[in-house]
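Have a look at the structure below before the remarks.
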Amino acid sequence: MAIIRDKWRTWRSHWGEQTPLAEVLLGCFPGLVMLTDAHGVILRVNPGFEEHSGHPADALVGRRITCLDVDPLHGDISHALAHCVARRRSWRGVLMCRRADGRLIHQDGVFQPLEGSRGEPLRLLVTLHDITELRQKALHDHALLERLQGTLSRLPGVVFQLRQEARGGLDFLYLGDGLRALAGLPPSAVMERADTLLERIQPEDRDALTTSLAQSAVSQEAWWLEFRLETADGVRWIEGRASPSRRRDGTTLWDGLLIDITPRKQEEQRTQRLVSTDMLTGALNRRAFFDFGEAVRAHAARQGRSVPMAMLDIDHFKRLNDTHGHAVGDLALQAFAMTCRDSLRPYDLFARIGGEEFAVMLVDSSPEEAWGVLDRLRAAVEAIELEVADTTLRITVSLGLAVLPPEGSVDLALSQADQALYRAKHEGRNRLAESPSYPRSREDTPR
């Protein structure tokens, strides 16, 4: 403490010998400092005036400050001076000034009114700081940003930055203007409220989005998802890819791209239909039936349900082919397939297994309901009339019914249905027979 007191006394003793602080600040200011009257006449300038303006100080003292403006009569300095004097309030802004050598510079200007005692005239303290280099850099950066924005807007997708808060809330910090073409939404509206876009994602895909983002946030691995988006032009398929980064506050940011992949998905679906469809009848082929059938079985197994299955065979089809030719046989197959499809629900599986053999899997139907559905299908086939030359041809179908239990095999159930089909043919054709393991009482079986 004694040392501190000694230093304080020493500083106080030399205070009178030091330059006043105001003079030090005035001399060190990196720009122009001027004291003017209410008319803008320069009364005093700082020591660095000539260095920063190019004008000798004694040449400008007594002249109006507007002589520094590129337009002395109507320039920005005149407006700033008038504003400050009229409102008795400070003014700040960017001014265009001319140096003594004719070079134009941008100055950050401050006009501060100095109110004196009653009766004393108004004075103004004016400071000008050269910001030409800063402004040029800002203009350069702005031009780069505009070019970048233009590049982003021309990309075949939407650049985005998505943030997930520690509590799970999502918001977009940036969205490219391509969002207008992709979803018909202005980026500003989605950045203000993320659900403006997220609510348009189909529900099952929204669940997948939530799950995949959560996994990416935890693992910090790249995020990828294909999802469907409702737009004014219909449903579009969107592919999203992004790289995550974790912030110290617990938030996660994803920088990525959204791309419209609707044409690609449509082509994939068309190819899938070609691969999985029988070209003649439009029914599923054998491979697709087993693939989709396994998915149906797995779904039903999770709910503890059995799935009814049936084998169908057109009666006396070989005789029809031999008598009337393969062209008529193809016509009969097409008519049969169309009738079966119309008798089933859109989500039931219907497939051509071979020649005139077909298979059916009744999705979400109980074993008790299946018999009625298939018997109505049999009756609809029996009503088909094919006009061939001067002859009307009729066809019938025999059906074998089996059940696929929750833990069963599609192949085994189809084999049991085939055995029941054999019995239906043996008993006279144009009828439905069930597998011995089928869960129906014999008394309930229609005759």
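The values are calculated or read from the model by the stated rules, or taken from the named source; none is laboratory data. Since the model is a prediction, treat every value here as computed from it, not as a measurement. Backbone-built Cβ (ideal geometry, glycine too); neighbour counts: all protein chains shown.
Considering each residue of segment 69-97, count those that are touching a residue at least 40 places away in the same chain (Cβ under 8 Å) and outside any strand (DSSP E or B), and give that number.
3
Give just the number: which of (1) farther than 22 Å from A433 by Cβ; (2) buried (at least 18 other Cβ atoms within 10 Å of the Cβ) does A310 not satisfy?
A310 satisfies every listed condition except (1).
Which members of segment 83-112 meet the condition of being crowded, with 16+ Cβ neighbours inside 10 Å and charged (D, E, K, R)?
R98, D108, listed by residue number.
Looking at L182, L122, L104, L128 in this structure, which one is closer than 30 Å to E230 by Cβ, touching a residue at least 24 places away in the same chain (Cβ under 8 Å) and of a type in the set (A, V, I, L, M)?
Sole residue among the options that is closer than 30 Å to E230 by Cβ, touching a residue at least 24 places away in the same chain (Cβ under 8 Å) and of a type in the set (A, V, I, L, M): L182.
Cβ-Cβ below 8 Å, separation at least six or inter-chain, first residue in segment 404-431 and over 21 Å from G304 (Cβ atoms), second in a loop (DSSP other than H, G, I, E, B) and of a type in the set (D, E): which pairs?
What qualifies is K425/D315; R429/D315; N430/D315.
Results for (1) in contact with a helix residue (DSSP H, G or I) (Cβ under 7 Å, 6 or more places away or on another chain); (2) surrounded by 15 or more Cβ atoms within 10 Å (Cβ to Cβ); (3) more than 13 Å from W254 (Cα to Cα), shown as yes or no for each residue.
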{"site": "P187", "(1), (2), (3)": "yes, yes, yes"}
{"site": "V190", "(1), (2), (3)": "yes, yes, yes"}
{"site": "T196", "(1), (2), (3)": "yes, yes, yes"}
{"site": "E199", "(1), (2), (3)": "no, no, yes"}
{"site": "P203", "(1), (2), (3)": "no, no, yes"}
{"site": "S212", "(1), (2), (3)": "no, yes, no"}
{"site": "Q215", "(1), (2), (3)": "no, no, no"}
{"site": "E221", "(1), (2), (3)": "no, no, no"}
{"site": "F227", "(1), (2), (3)": "yes, yes, yes"}
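R273 is checked against (1) closer than 28 Å to V363 by Cα; (2) of a type outside the set (S, T, N, Q); (3) at pLDDT 90 or above and fails just one. What number does that condition carry?
It is condition (3) that R273 fails.
For segment 113-137, give me the residue count where each residue is surrounded by 14 or more Cβ atoms within 10 Å (Cβ to Cβ) and not in a helix (DSSP H, G or I).
11
Just checking, how many residues over segment 64-77 are modelled with pLDDT of 90 or more and either out of contact with any Asp or Glu (no Cβ under 7 Å at 6 or more places or on another chain) or outside the structural domain of D108 (by TED's automatic domain parsing) (or both)?
5
Filter segment 237-263 for residues that are part of a strand (DSSP E or B) and among the charged types (D, E, K, R); which is nearest to W223 (Cα to Cα)?
Residue satisfying both the conditions and the ranking: R241.
Restricting attention to segment 32-56, which residues are in contact with a Pro (Cβ under 8 Å, 6 or more places away or on another chain) and over 17 Å from S90 (Cα atoms)?
Answer for segment 32-56, where residues must be in contact with a Pro (Cβ under 8 Å, 6 or more places away or on another chain) and over 17 Å from S90 (Cα atoms): G48, E50, H52.
Anything in segment 15-45 that is at pLDDT below 75 and either of a type in the set (D, E) or under 11 Å from V126 (Cβ atoms) (or both)? List them, or say none.
Within segment 15-45, E17, E23 qualify.
Of the numbered conditions (1) assigned to a helix (DSSP H, G or I); (2) surrounded by 20 or more Cβ atoms within 10 Å (Cβ to Cβ); (3) in contact with a Gly (Cβ under 9 Å, 6 or more places away or on another chain), G293 satisfies every one except a single condition; which is it?
Evaluating G293 over (1) assigned to a helix (DSSP H, G or I); (2) surrounded by 20 or more Cβ atoms within 10 Å (Cβ to Cβ); (3) in contact with a Gly (Cβ under 9 Å, 6 or more places away or on another chain) leaves (3) as the failure.
Inside segment 377-387, can you point out the residues that are among the charged types (D, E, K, R) and either within 11 Å of T339 (Cα to Cα) or at pLDDT 95 or above (or both)?
First, pick out the residues of segment 377-387 that are among the charged types (D, E, K, R): 378, 382, 385, 387.
Once the filter is applied, which keeps residues that are among the charged types (D, E, K, R) and either within 11 Å of T339 (Cα to Cα) or at pLDDT 95 or above (or both), segment 377-387 yields R378, E382.
Taking the condition free of Cβ contacts under 8 Å to residues at least 12 places away in the same chain and closer than 19 Å to E357 by Cα, does T271 pass?
So T271 fails the test.
Which members of segment 370-402 meet the condition of being touching a residue at least 12 places away in the same chain (Cβ under 8 Å) and in a helix (DSSP H, G or I)?
A370, W371, V373, L374, D375, R376, L377, R378, A380, V381, E382
Mind listing whichever residues of segment 161-185 are in a loop (DSSP other than H, G, I, E, B) and under 16 Å from R206 (Cβ atoms)?
Listed by number, the residues that qualify are G168, G169.
Does G372 qualify as being at pLDDT below 95, over 26 Å from Q303 (Cα atoms) and not β-branched (V, I, T)?
Answer is no for this residue.
If you go through segment 315-367 one residue at a time, how many are in a loop (DSSP other than H, G, I, E, B), out of contact with any Leu (no Cβ under 6 Å at 6 or more places or on another chain) and within 30 Å of R305 (Cβ to Cβ)?
Here is the first cut: in segment 315-367, the ones in a loop (DSSP other than H, G, I, E, B) are 315-316, 325, 344-348, 355-356, 362-366.
Next, from what is left, pick out any that are out of contact with any Leu (no Cβ under 6 Å at 6 or more places or on another chain): 315-316, 325, 344-347, 355-356, 362-366.
Restricting the remaining residues to those that are within 30 Å of R305 (Cβ to Cβ) gives 344-347, 362-366.
Total satisfying the criteria: 9.
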